Structure formats: C-alpha cells, structure tokens
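The values are calculated or read from the model by the stated rules, or taken from the named source; none is laboratory data. Note that this is a predicted model, so its numbers are computed, not measured. Don't worry about glycine lacking a Cβ; one is built from the backbone with ideal geometry, like all the others, and counts go over all protein chains shown. To get the accessible areas, we keep the full protein, side chains included, count just its heavy atoms, and leave off ligands, DNA and RNA. Shrake-Rupley method; radii C 1.70, N 1.55, O 1.52, S 1.80 Å.
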Amino acid sequence: MSSAKNINITLKIWRQKDSKAKGQLETYKLNDVSTASSFLEMLDQLNEQLINEGTEPIAFDHDCREGICGMCSLFINGRAHGPDSGVTTCQLHMRMFNDGDTVFVEPWRSRAFPVIKDLVVDRSAFDRIQQAGGFVSVNTSGNTIDANATPIPKEDADKAFMAAACIGCGACVATCKNGSAMLFVGAKVSQYALLPQGKVEATTRVLNMVRQMDEEGFGNCTNTGACEVECPKGISLENIARMNREYLVASVI
C-alpha cells in the first residue's frame, strides 16, 4: 500500500528574462503535490498550472531525469540539488518536504555560469574546458589495441572509474564560496591521469584544461570541501590534489 500523500507548498522561484535583465523571486502556491513525485515533476505540475492561468511557464534544465546527464541544476533552499544527499535534482523527491513548506528555488550562482532564462544557466564553460584537453587521441586506422589488452592495477582502475562518475552538473561550482571548478577539472584530469592511455597527452592536457578554467572566470580552491559534500556523485577532493600534482610536474618538464 502506498505511503504517498499530497501536500500544499509555497514556492519562491527565481525569474529572469535573460543574463542582462534584473531577476527576482516570485511566489507561487501549489496544492495537491504528491510526495511520490520528483522535484522536476512538481515543477511540471506548476508549469501546467501557470499555462492554464495564461502565465509564462518557468524555464528549467532537464534531460534524462535519471541522475546521469547532469542537466538538472537547481539551488533548492540554499543547497545544490536540494536537502537530500548523493542525488541530483531530478532524483530529489517531494517526500523530503512537508505540508505548508516554503521552498526557495534558484539557478546556479557563478560568474562563469550566466543565466540564460529563469533557472537555466549557460554551462558551456565546462564544454570548453573538456575540449581544451579532456580527451585521449586514439589511432582508429585499423591498428587500435583492445583496451583489455593493457593491464591496469585494480586500484588505479577503480579510482579512474570513480573520477569518471562526474556528470558535469556544476553543483561543485554553485556551492563553492569561490565559484571554483577545480573538483570538476580535477575529476576530468584524474580519469585519464590514472590510466596508461592518458599518459601520452598528460602534460598538455592538465596545462590546457587549467588554463581554460582560469580563462572562463572560475575561482580558485581554498579547500573548504563543500564541493565534495554537495557533489551528487561523491567526487573526492583527492582529484584536486592529483590535478595539482599533475600540473606541477607538467610545469617543470
């Protein structure tokens, strides 16, 4: 028998026409929200209500709704992805809220993530960092070696997989007091630095990715650790330390 119930909530949601316009929090009442619904399904319900009222719906990012793509990016009640831990916004359920609650919903706050509209921000800075070096050049001319033919210590493989779990949602940037992207970049550098396939371009990779990160306007890391706490995939601060070591070595070669 389902334990789901319906609740009534008040939403204070950031509305902003574009990056140049002045935004503000607007208040909406939403009734009969099922606690079994996800946070994004609740926003769908609100948008349906707004459309029926002849009001412009709220723009927000979403795609897979399975915690994989990293598209959903909301600051909910002062926390990236909301009050639960180890989940993305799309995995957050309304059972985390109580009847009569007031819920504040805002976009990521970072100079490098300008607002496109309402709750949608431009995270193309992450794409440009990846393009600067977050890849491995592979010869696919018919001489490609099977990945399993290269022995890799299990500990290194496990750490590489854990770093590769980063979905690039930007929660680390949004929750950092400095707006730093070093957890994201550290994870992307680490997933290659730990594997033999990534050694060939290791020097240029870390230098180019860190340079691009700085050019995008992200802040620096002061080891507060908030990024690791709020990361939905639990990416470790060890990756930042590894990136710093890789950068130091690449700088003196």
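Within region 155-166, is even one residue in contact with a strand residue (DSSP E or B) (Cβ under 7 Å, 6 or more places away or on another chain), closer than 30 Å to residue 12 by Cα and modelled with pLDDT of 95 or more?
No, there is no match, as no residue in region 155-166 is in contact with a strand residue (DSSP E or B) (Cβ under 7 Å, 6 or more places away or on another chain), closer than 30 Å to residue 12 by Cα and modelled with pLDDT of 95 or more.
Determine, yes or no, whether residue 211 is touching a residue at least 60 places away in the same chain (Cβ under 8 Å), of a type outside the set (Phe, Trp, Tyr) and open to solvent by less than 20 Å² (accessible area, probe 1.4 Å).
Answer is no for this residue.
Scan 9, 58, 13 and give me the residue that is assigned to a loop (DSSP other than H, G, I, E, B), in contact (Cβ under 8 Å) with a residue 12 or more places away in the chain, buried (at least 17 other Cβ atoms within 10 Å of the Cβ) and in contact with a helix residue (DSSP H, G or I) (Cβ under 9 Å, 6 or more places away or on another chain).
One residue alone meets the criteria, 58.
Counting only residues that are assigned to a loop (DSSP other than H, G, I, E, B) and open to solvent by 20 Å² or more (accessible area, probe 1.4 Å), how many does region 17-41 have?
Of the residues in that region, 7 qualify.
Would you please list the contacts, defined by Cβ atoms under 7 Å and residues six or more apart or on different chains, that run from a residue in region 230-246 that is touching a residue at least 40 places away in the same chain (Cβ under 8 Å) to a residue that is open to solvent by 50 Å² or more (accessible area, probe 1.4 Å) and among the acidic types (Asp, Glu)?
If the second residue must be open to solvent by 50 Å² or more (accessible area, probe 1.4 Å) and among the acidic types (Asp, Glu), the pairs left are 235/228; 236/228; 237/228.
Under the condition of being among the basic types (Lys, Arg) and closer than 22 Å to residue 116 by Cα, which residue from region 1-56 is modelled with the lowest pLDDT?
Across region 1-56, the extreme among qualifying residues is 20.
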